[in-house]
1. Restricting to region 86-117, give me the number of residues that are open to solvent by less than 50 Å² (accessible area, probe 1.4 Å) and in a loop (DSSP other than H, G, I, E, B).
2. Among the candidates THR120, THR69, single out the residue that is open to solvent by 40 Å² or more (accessible area, probe 1.4 Å), in a strand (DSSP E or B) and closer than 14 Å to GLY8 by Cα.
3. Of all residues being closer than 18 Å to GLY15 by Cα and open to solvent by 30 Å² or more (accessible area, probe 1.4 Å) in region 72-85, which is farthest from the chain's Cα centre (by Cα)? Just the residue, please.
4. If you take the residues in region 1-30 that are without any contact (Cβ under 8 Å) to a residue 60 or more places away in the chain and of a type in the set (A, V, I, L, M, F, W, C), which one is surrounded by the most Cβ atoms within 10 Å (Cβ to Cβ)?
5. Any residue in region 33-57 that's closer than 11 Å to SER104 by Cβ and open to solvent by 60 Å² or more (accessible area, probe 1.4 Å): show its pairings with residues that are β-branched (Val, Ile, Thr) and not in a loop (DSSP other than H, G, I, E, B) at Cβ separation under 6 Å, as long as the two are six or more apart or on different chains.
6. Restricted to region 1-48, and to residues that are in a loop (DSSP other than H, G, I, E, B) and among the polar types (S, T, N, Q), which residue is farthest from ALA97 (Cα to Cα)?
Amino acid sequence: QVQLVESGGGLVQAGGSLRLSCAASGRTFSSVSKGWFRQAPGKEREFVAAINWSGIDTYYTESVKGRYTISRDNAKNTVYLQMNSLQPEDTAVYYCAARYGPRSSSGSEYPYWGQGTQVTVSS
């Protein structure tokens, strides 16, 4: 089992930045790939970014490329999502997810999920 807890969400003006953190506990963290997903009101959950167990392999959805950076610190059992140049359309609840195996952009392949953290970007 892997337990995930997100933090770092909040209210920010357009053009601002936030860094989300996802702290993991439970089974071996270093062998786990992680993903960030988000869900805006009235919309389906969508993939944002993913990182493999070593941190070498990362993948982003097109709309956040160049603005978001996913990284991990296995010594701290934590994955980060640095979000820059935030826009109102980035407003959503952001979820951290984990899976054993390669990184994936499909939410259905992640068995472990955090409770989510709200990100609100004002115009």
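1. Residues that pass the stated criteria total 8.
2. Details: THR69 fails: closer than 14 Å to GLY8 by Cα.
Only one candidate passes the filter, namely THR120.
3. From region 72-85, those closer than 18 Å to GLY15 by Cα are 81-85; that's our starting set.
Cutting the leftovers down to open to solvent by 30 Å² or more (accessible area, probe 1.4 Å) gives us 82, 84-85.
Numbers: GLN82: 9, ASN84: 14, SER85: 16 Å.
The extreme case among them is SER85.
4. Restricting to residues being without any contact (Cβ under 8 Å) to a residue 60 or more places away in the chain and of a type in the set (A, V, I, L, M, F, W, C), the top hit is PHE29.
5. Listed pairs, sorted by first residue: none to list.
6. So in region 1-48, the residues in a loop (DSSP other than H, G, I, E, B) come out as 1, 8-9, 14-17, 27-31, 40-45.
Those still in the list that are among the polar types (S, T, N, Q) too: 1, 17, 28, 30-31.
Working: GLN1: 12, SER17: 22, THR28: 15, SER30: 14, SER31: 14 Å.
This residue is SER17.
The rows are residues; the columns are (1) modelled with pLDDT of 95 or more; (2) more than 11 Å from the chain's Cα centre (by Cα); (3) closer than 18 Å to VAL93 by Cβ; (4) polar (S, T, N, Q).
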{"position": "VAL2", "(1), (2), (3), (4)": "no, yes, no, no"}
{"position": "GLN13", "(1), (2), (3), (4)": "yes, yes, no, yes"}
{"position": "CYS22", "(1), (2), (3), (4)": "yes, no, yes, no"}
{"position": "SER25", "(1), (2), (3), (4)": "no, yes, no, yes"}
{"position": "PHE29", "(1), (2), (3), (4)": "no, yes, no, no"}
{"position": "ARG38", "(1), (2), (3), (4)": "yes, no, yes, no"}
{"position": "ALA50", "(1), (2), (3), (4)": "yes, no, yes, no"}
{"position": "GLY55", "(1), (2), (3), (4)": "no, yes, no, no"}
{"position": "TYR59", "(1), (2), (3), (4)": "yes, yes, no, no"}
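The values are calculated or read from the model by the stated rules, or taken from the named source; none is laboratory data. Keep in mind that this is a model prediction, so the values were computed, not measured. Glycine gets a Cβ as well: all are built from the backbone with ideal geometry, and neighbour counts include every protein chain shown. Remember, those area values only see protein heavy atoms, side chains included, never the ligands or the DNA or RNA. Shrake-Rupley method; radii C 1.70, N 1.55, O 1.52, S 1.80 Å.
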